[in-house]
Every structure is written in C-alpha cells, then in structure tokens.
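One structure below.
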Amino acid sequence: MVTVGVSVLVHELGHAFAARRLGSEPRISLYSLGGLTSYRPIRAHSRSEAIGVSFAGPAAGFGLGLAVLALDRW
C-alpha cells in the first residue's frame, strides 16, 4: 500500500512541478488508489506546454522506477 501511495504521489508531483514551471498554482488531491492534480493557468498554454504537463506525471514515475532499479542493483 505504501508503494502505491508513493507512486501515485510522485506521479501527481510530476504534473504539479510541470504546471508550476509554467506559472500555475497546482493542487494535488490524493484518493485511495489514485490522485488528481488540478491547476489554473495564468495564461493560455500552448499545445506543447499542455502536452508537457500531461507527460510529466508518467515521466516522474519512470524516473522513480529507474532510481529504485539503480538502488537495487547498487
């Protein structure tokens, strides 16, 4: 359960950090087995910026997975 919780949090933090980088103030809501990151952009995001925020969550998860794999092999 802890592993799932940490994974969900890291995923949502990926979205939040990407949104914050664009000047937004994100909010993260965590649920039992999931989460939601919402934000209100201060300006309209371009399509590539919106896609970047969308892909930031999975990218954070892959980063966490690679870090755990590296620690396991170390």
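The values are calculated or read from the model by the stated rules, or taken from the named source; none is laboratory data. Note that the structure is a prediction, hence the values are computed from the model and not measured. Don't worry about glycine lacking a Cβ; one is built from the backbone with ideal geometry, like all the others, and counts go over all protein chains shown. All accessible areas refer to the heavy atoms of the entire protein, side chains included, with ligands and DNA or RNA removed. Shrake-Rupley method; radii C 1.70, N 1.55, O 1.52, S 1.80 Å.
Each residue of region 42-53 was assigned a 3J(HN,Hα) from its phi angle through the Karplus expression (A = 6.51, B = -1.76, C = 1.60, θ = phi - 60°), giving 7, 8, 5, 7, 6, 4, 5, 5, 5, 5, x, 5 Hz with x at Gly and Pro.
In terms of packing, defined here as the mean over residues of other Cβ atoms within 10 angstrom, the peptides 4-14, 56-66 line up highest first as 4-14, 56-66.
Maximal additional length on extending the residue 48-residue 29 stretch stands at 4.4 nm, based on 0.36 nm per residue less the C-alpha distance. For region 7-74, the solvent-accessible area with a 1.4 angstrom probe is 75 square angstrom per residue. Rolling a 1.4 angstrom probe over the chain with all protein chains present gives an accessible area of which 64% lies on carbon and sulfur atoms.
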